[in-house]
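Read through the structure below, which is laid out as structure tokens, and then see the notes.
The values are calculated or read from the model by the stated rules, or taken from the named source; none is laboratory data. None of these values were measured; they are calculated from a predicted model. Because the Cβ atoms are built from the backbone with ideal geometry, glycine has one as well, and the counts that use them run over all protein chains shown.
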Amino acid sequence: MKLIIAIMSNDDSPAVSSALTKENYSVTRLATTGGFLRAGNTTLLVGCEDDRVDHAIEVIGEYSRRRTEIVPSTASYDIGRYASFPVEVQVGGATIFVVDVEKFIKL
């Protein structure tokens, strides 16, 4: 048995968790915060059999695509005043960890 830990944008998580549930995966959603943009993220915990891991990753990838957004940069001192300039960054997608489960107990 494996545990898939998938960290993704809050924007993508409803579609991903819904698609995984339709495919009969058990999904637990956790609210998390990312370090880079300090924006809300969602972490999905998905337990599944070894032979279903690749399919789960495909489903996650289908519904969590990378995209470009414009976000304000950190303030900088410019011409005697503080200014913030927009910066283009990649958001979305998913960071996925797959770990072995030594023991699974459902009470």
Take the residues in segment 38-56 that are β-branched (V, I, T) and touching a helix residue (DSSP H, G or I) at 6+ places or on another chain (Cβ under 7 Å); name whichever of them is surrounded by the fewest Cβ atoms within 10 Å (Cβ to Cβ). T42
Of the residues in segment 1-56, those that are without any contact (Cβ under 8 Å) to a residue 12 or more places away in the chain, closer than 25 Å to E102 by Cα and of a type in the set (S, T, N, Q) number 2
Of residues in segment 1-37 being of a type in the set (S, T, N, Q), surrounded by 14 or more Cβ atoms within 10 Å (Cβ to Cβ) and in a helix (DSSP H, G or I), the one modelled with the highest pLDDT: S17
